[in-house]
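Below is one structure, written out as structure tokens; the observations come after it.
The values are calculated or read from the model by the stated rules, or taken from the named source; none is laboratory data. Everything quoted here is computed from the prediction, not taken from an experiment. So basically every Cβ, Gly included, is an ideal-geometry build from the backbone, and we count neighbours across all protein chains shown. Accessible surface is based on the protein model in full, side chains and every heavy atom, while ligands, DNA and RNA are left aside. Shrake-Rupley method; radii C 1.70, N 1.55, O 1.52, S 1.80 Å.
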Amino acid sequence: MTKDAEQQGQMSQLWQWIKSPPQVYVFYLVGLILVWMVSFYAGTLNPKRGTGFGPPPGSAPASAPVAPPVSGSKN
């Protein structure tokens, strides 16, 4: 038996073990936690500002209008 065939047998056995009911629930939960952690980490990253885009088009306003402060705020 070659190493490739042996590895295929081990992978098949591992896959069969993962697909049994208690392990598949844990596998699914771990997958959900990993997806949540990656999306949380990606959400905390600050995007880099692009450079060299040039001036805004002529139809763009010079600056955005500023909203009046909300009454009752302590700023």
With x for Gly and Pro, the residue-by-residue ³J(HN,Hα) of the stretch 14-28, computed from phi through the Karplus equation 6.51 cos²θ - 1.76 cosθ + 1.60 at θ = phi - 60° and given in whole Hz, is 5, 5, 5, 5, 5, 6, 6, x, x, 6, 5, 5, 5, 4, 5
Heavy-atom accessible area with a 1.4 angstrom probe orders Val30, Val70, most exposed first, as Val70, Val30
By the mean-Cβ-within-10 Å protection proxy, highest first, 14-20, 39-45 rank as 14-20, 39-45
So for R0 = 30 Å, FRET eff. of Val26-Ala5 from the Cβ-Cβ r, to 0.05, ends up at 0.55
Distance in nm between Val70 and Ser39 label points, each 7 Å along Cα→Cβ, equals 2.7
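So how do Ser12, Ser71 rank on accessible area, 1.4 Å probe, biggest first, that is with the largest at the start? Provide the component values of the computation, followed by the final result.
Numbers: Ser12 65, Ser71 110 Å².
Listed by decreasing accessible area, they come as Ser71, Ser12.
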